[in-house]
Amino acid sequence: MTATAAALTPSDEELVRRTRAGRLSAFDELVERYQRRATSVSYRLLGNLHDALEVCQEAFVRAYRGLDGLDDAGRFGPWLLRIVTNLSLNYRRDRAVGGPKLSFEDCILDGDARREERVALAAHSSEMPGAELAADELAERLESALARLPQQQRAALVLFSIEQVPQKDVAEILGLSIEAVKWHVFQARKKLKELLADYL
Amino acid sequence: MNRETFEQLVSQWLDNPADDHLRRRVEQAISDSPELLSDRRHAELIEQALHAARAKGPAGVDWRRLRSRIMSQLRHADAAPARDDARLDELLARPTRLEARIDWTRFQQRVSQRVAEAARMRVVTLRLRRVGAVAGMLATAAALVVVALLLRERPAAPEGFAQVRVVDASASAQPAPPSAFASVRVSRPAGGAVEPVRPAEPEFFLYIGPAGGVDASASAGVGETGA
């Protein structure tokens, strides 16, 4: 994004202000900005894309309804991720007593599109030097290793190391102290090292 | 430096990769213990993989459709309260199936009868209550009169003489006609308020001695017994 384009792009704070003024199109812009990140965080916490999409939708609906409760409009992102994280961590418990599961098949690319994506990835990997190939394989194994981490460690690592949310924001999202976040991240790294020893 | 401590140091450094002080400490630890080099390398590889995972994101999502769906849900949620009210009003206005099953004319007659009965019962009840109230007042008044009479102060025994009968107190004898009479002077203590007088005993019993003739005009003190 060029400097001019960046200057013309409204900030989160401005979009929140417009949404509060009744302009739903402003919230549409916020959805565009954060839906990938929200889905990504939820997906890594739940390990299931369908569940992650359901959580993502619910998080945005709750954010919209509770927008007046956001004290600092400029911190919409961390605030939204907090909603996503809480919904994800409580998802299985709430699902057990909740209503029928929503279908998000229409939001998941069909088999042909996914096959094309895999073909493109395979073509790319065949051109890669050995080191990159190893890194790629490591990345693949990483997903399953993440799923084996305890919930708090996984949440802290996903938010801090993958989504690169600042530690103090991670602490706020998870309702922990910064020291606790550091500890969980350390333990998660240590565990991943054990799980991925064969690929390192 | 042991492996556990080194791993914590590396983790701190990975939290703040721009921190030169931490980087130098890591390098110093490796120079002291070269076997720790592989531990740092493994930690870096994992951290790079984690960073790269962000760029990948979950694959196979139609983001445009997801966004459209979310906004549709919001518009639906926005309109929901007003729509719910309208739906509720419509529901309330709709005649229920229950109405078709009731003979409303007969029902109205039954209700009217019950209301009339209730009205009559109410009149009777009111009358009984009035009678009861009057009877209660009369009974209260009568009780007050009786209590007043009972609590009236008894006059003290006048000064003077009380008749005393002397009887033979032997156990074998039935109460025998008195063999003598005596008089006992009753007097009040001098001055001050008079204490309430106990009702006098109906008879004073004085054992004077074997029956043999006693001068009836002789006076004796109260409680005095003879041999």
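The values are calculated or read from the model by the stated rules, or taken from the named source; none is laboratory data. Computed from a prediction, not measured in an experiment: that's the story for all the values here. Here Cβ is always computed from backbone atoms with ideal geometry, including for glycine, and neighbour counts include all displayed protein chains.
Numerical summary
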item	result
Scope the stretch A:171-187; condition within 25 Å of B:Ala52 (Cβ to Cβ) and in contact with a His (Cβ under 9 Å, 6 or more places away or on another chain); matching residues	A:Leu174
Qualifying residue in the stretch A:95-111 (condition: outside any helix (DSSP H, G or I), modelled with pLDDT of 85 or more and hydrophobic (A, V, I, L, M, F, W, C))	no
B:Trp63 vs. criteria at negative phi and at pLDDT 80 or above	yes
Evaluation of A:Glu172 against (1) closer than 23 Å to A:Lys191 by Cα; (2) at pLDDT 85 or above (one fails), failing number	(1)
Any hit, the stretch A:179-200, residues being among the aromatic types (Phe, Trp, Tyr) and at pLDDT below 95	yes
Pairs where the first residue, in the stretch A:13-38, is more than 10 Å from chain B (Cβ to nearest Cβ) and the second is among the polar types (S, T, N, Q), C-beta under 6 Å, 6+ apart	A:Ala26/A:Thr19
